[in-house]
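Worksheet for the structure shown next.
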Amino acid sequence: MKIGVLALQGAFIEHSKMLARLGVKAVDVRLPHQLADLDGLIIPGGESTTIGKLASAYGLVKPLRQFAAAKPTWGTCAGMIFLAKDIGSQQQPILGSMDIAVDRNAFGRQIDSFETDLAIAELGALPFHAVFIRAPVVKAVASSVAVLARLADGRIVAVRQQRLLATAFHPELTDDLRLHEYFCGIVKCTIKPHA
Ligand code: GLN
């Protein structure tokens, strides 16, 4: 199993380290041909406008769209924005792969960064400590999208649509490997056994 981490900008090194700790081969992706033999892809947090600009400059938008239409892809924070179909009126390149509407910088300036424990049933009974940094929230989901986690006020911060996963927070900035393990599980299920 080989998982790529989009390495244009943001917290890509931290994602690779989490995958390495799980014994999974991780490769940095900066050019379209590097997507060819991957089983899954992580789009990290950072700044979605910058990720979008660089992806356009490197001719990655269409290849990434095709990849997300076929293989497991997980966006964290800016990566969630990049994966979303609807980000409001803002003009920036996005993949538009996931049937979610996202509100960028949903927490405003006062509490633009915070940490909180989330209940995520898919990961078991133990809460998941989540780090939010100028994070988005999911405003609306299509019926094919499963909500995995909400804040105490009900706002949606983790979703899954078949092989697509999106989290508003940064699981690569904590020690908890469970979400990376969960994504690797999705990847494993979609790998076709070689003849
Ligand atoms: N606010 C950033 C954006 O709009 C996302 C922040 C993050 O990825 N930590 O892209």
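The values are calculated or read from the model by the stated rules, or taken from the named source; none is laboratory data. Remember, it's a predicted structure, so these values are computed and weren't measured experimentally. Here Cβ is always computed from backbone atoms with ideal geometry, including for glycine, and neighbour counts include all displayed protein chains. Just the protein is used for accessible areas: all its heavy atoms, side chains included, with ligands, DNA and RNA removed. Shrake-Rupley method; radii C 1.70, N 1.55, O 1.52, S 1.80 Å.
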- Check on PHE107, hydrophobic (A, V, I, L, M, F, W, C), within 15 Å of the ligand (Cβ to nearest atom) and not in a loop (DSSP other than H, G, I, E, B): no
- Query: Got a sec? Which of VAL145, VAL137, VAL141, VAL131 is within 13 Å of the chain's Cα centre (by Cα) and within 24 Å of LEU6 (Cβ to Cβ)?
  - Reply: VAL137
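Filtering segment 129-161 down to residues that are part of a strand (DSSP E or B), small (Gly, Ala, Ser) and open to solvent by 10 Å² or more (accessible area, probe 1.4 Å), which residue is nearest to ARG104 (Cα to Cα)? It would help to see each step written out before you state the result.
Kept after step one, since they are part of a strand (DSSP E or B), are these residues of segment 129-161: 129-133, 137-141, 146-150, 156-161.
Those still in the list that are small (Gly, Ala, Ser) too: 130, 140, 146, 149, 158.
Those still in the list that are open to solvent by 10 Å² or more (accessible area, probe 1.4 Å) too: 140, 146.
On the way: ALA140: 13, ALA146: 20 Å.
Per the stated criteria, the residue is ALA140.
Kindly indicate whether ASP117 is closer than 21 Å to GLU47 by Cα, in contact with a strand residue (DSSP E or B) (Cβ under 6 Å, 6 or more places away or on another chain) and open to solvent by 50 Å² or more (accessible area, probe 1.4 Å). Before the answer, list the steps.
Values: closer than 21 Å to GLU47 by Cα: no; in contact with a strand residue (DSSP E or B) (Cβ under 6 Å, 6 or more places away or on another chain): yes; open to solvent by 50 Å² or more (accessible area, probe 1.4 Å): yes.
Against the criterion (closer than 21 Å to GLU47 by Cα, in contact with a strand residue (DSSP E or B) (Cβ under 6 Å, 6 or more places away or on another chain) and open to solvent by 50 Å² or more (accessible area, probe 1.4 Å)), ASP117 does not qualify.
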- Test for LYS17: is it within 21 Å of ILE133 (Cα to Cα) and open to solvent by 70 Å² or more (accessible area, probe 1.4 Å): yes
- Task: Please note which helices (runs of 4 or more DSSP H) are completely contained in segment 1-101 and include at least 2 residues that are modelled with pLDDT of 95 or more and over 22 Å from GLU172 (Cβ atoms).
- Result: 48-57, 61-70
- Message: Can you say whether ALA7 is within 15 Å of the ligand (Cβ to nearest atom), in contact (Cβ under 8 Å) with a residue 60 or more places away in the chain and either surrounded by 22 or more Cβ atoms within 10 Å (Cβ to Cβ) or closer than 24 Å to LEU179 by Cα (or both), as far as the supplied structure shows?
- Response: no
- Out of (1) under 15 Å from ILE156 (Cβ atoms); (2) touching a helix residue (DSSP H, G or I) at 6+ places or on another chain (Cβ under 7 Å); (3) of a type outside the set (Asp, Glu); (4) crowded, with 24+ Cβ neighbours inside 10 Å, the odd one out for TRP74 is which? (1)
- Taking segment 162-195 as the region of interest, how many residues are over 20 Å from LEU38 (Cβ atoms) and surrounded by fewer than 13 Cβ atoms within 10 Å (Cβ to Cβ)? 1
- Note on the structure: Among LEU31, LEU54, the single one that is open to solvent by 10 Å² or more (accessible area, probe 1.4 Å), free of Cβ contacts under 8 Å to residues at least 60 places away in the same chain, within 16 Å of the ligand (Cβ to nearest atom) and among the hydrophobic types (A, V, I, L, M, F, W, C) is LEU54
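Quick check: is even one residue across segment 110-126 assigned to a loop (DSSP other than H, G, I, E, B) and at positive phi? Even if it seems obvious, please write down each step before you answer.
Just the residues of segment 110-126 that are assigned to a loop (DSSP other than H, G, I, E, B), to begin with: 110-112, 119-120, 124-126.
The next check asks that each one be at positive phi; those that pass are 124.
Taking every residue of segment 110-126 in turn, at least one turns out to be assigned to a loop (DSSP other than H, G, I, E, B) and at positive phi.
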- Given the structure, is ILE43 within 16 Å of the ligand (Cβ to nearest atom) and in contact with a strand residue (DSSP E or B) (Cβ under 6 Å, 6 or more places away or on another chain)? yes
